[in-house]
1. Listing 210, 52 from the residue with the fewest other Cβ atoms within 10 Å to the one with the most, what is the order?
2. Please name which of 5, 103, 253 has its Cα lying farthest along the dipole of the chain towards the positive end, using unit charges on Cβ (Lys, Arg +1; Asp, Glu -1) and the Cα centre as origin.
3. If you place +1 on the Cβ of every Lys and Arg and -1 on the Cβ of every Asp and Glu, how big does the dipole about the Cα centre of the chain come out, in debye to the nearest 20?
4. Once phi is turned into ³J(HN,Hα) by the Karplus curve 6.51 cos²θ - 1.76 cosθ + 1.60 with θ = phi - 60°, what whole-Hz value does each residue of segment 262-276 show in order, with x for glycine and proline?
5. List, in order, the whole-Hz ³J(HN,Hα) value for each residue of segment 194-202 obtained from phi through the Karplus relation with A = 6.51, B = -1.76, C = 1.60 and θ = phi - 60°; use x for Gly and Pro.
6. What are the lysines whose alpha-carbon lies under 16 Å from the alpha-carbon of residue 72, with same-chain residues fewer than 8 places away excluded?
7. Roughly how compact is segment 1-76, stated as its Cα Rg over 2.2 N^0.38 Å to two decimals?
8. Anything over 20 Å Cα to Cα? Flag those among 231/259; 122/209; 7/188, in the order listed.
Amino acid sequence: MVHRPRKQFGQHWLRSEKALDNIIAAAELSEGDRVLEIGPGQGVLTRKLLPKVQSAVAVEIDRDLCKVLAQKIGYFDKFLLLQGDILTLDLPAHLASFPNFQNLNKVVANIPYNITGPILEKLLGRIATPASAPYDLIVLLVQKEVAERLYAKPGSRAFGALSVRVQYLAECELICSVPARDFYPPPKVDSAVVRLRPRQFEPQANDAKKLESLVRLGFAEKRKMLRNNLKAISDRFLPAIPSASLNENEYGLTDLLEKLNINPQARAEELSLAQWVALSNCLQDGEGIKS
Ligand SMILES: C[S@@+](CC[C@H](N)C(=O)[O-])C[C@H]1O[C@@H](n2cnc3c(N)ncnc32)[C@H](O)[C@@H]1O
């Protein structure tokens, strides 16, 4: 039976051998790896990775694809296909009786673009609640514009709240671009392969929840200066710097930014990760930041 790609599941089959090989090379696969694949589709990527790893679990939402996929793929001793939604599936519960498929250490996937944000959150966690057992390495094929935000450097246009949130939890790098024509059917946008290496950013934020709120607030309106976006921070969250050094302006924020060597005229995208952490660490402990 021919399976027509379904739009509602973001089905775009990757047809480029070169892109597939780049994804596999980027994953640095070895015999001991236990891989999670999200959305195997017709299994092009699955077939390439299986010979190189100890085992692989694939989660596919499309029931019709699942009916034939496991049979088509083979590798019954080391391939487990789960039908379900990666965002809601309780993976540990499903794997509880499959010891060979537990402790997955890598993720390799060409994901549905409409749920990229939630997938990243599922794999990495959030700043305030990072994944308790993070993967060693994650290779994803994503929409190019999202990829640019993931590996963006401070000061560049693409650097935004997503960049800070993800880069705090993982090192991000571009592997290669993949043009829309490399898929069937071609999506409306180009794509890119990114590699994420989950890490503990140093220096750590004293209060990760506060950093998360600060970043959300700081990028609320990208065209505004950071200090204007941060006006919602009331006096009680400003640091205990001697009041003599405070001016009457901007709730003392200008002074704080200067103290941290941040240009008070800066926009949010100009701050480095370390400066976000420093700013967050300067805010007094309390009930958090109102947003
Ligand atoms: C862009 S296609 C990639 C297919 C295949 N890996 C390839 O490279 O050709 C995305 C795949 O994810 C599946 N999918 C979509 N939403 C999903 C979800 N919430 N959970 C698991 N799989 C999902 C789709 O059915 C589809 O097979």
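Values quoted throughout were computed directly from the atomic coordinates according to the rules given, and no laboratory measurement underlies them. Only a predicted model underlies this, so the values are computations on that prediction, with no experimental measurement involved. Using ideal geometry, Cβ is built from the backbone for each residue, glycine included, and neighbour counts are taken over all protein chains shown.
1. Placing the least packed residue first, the sequence is 52, 210.
2. 5
3. 840
4. In residue order, the calculated couplings are 10, 4, x, 8, 5, 8, 3, 5, 8, 7, 6, 4, 4, 6, 4 Hz.
5. Computed from phi, the couplings for segment 194-202 are 10, 10, 10, 10, x, 8, 9, 5, 10 Hz.
6. Within reach: 48.
7. The value comes to 1.10.
8. Flagged as over cut-off: nothing, all pairs pass.
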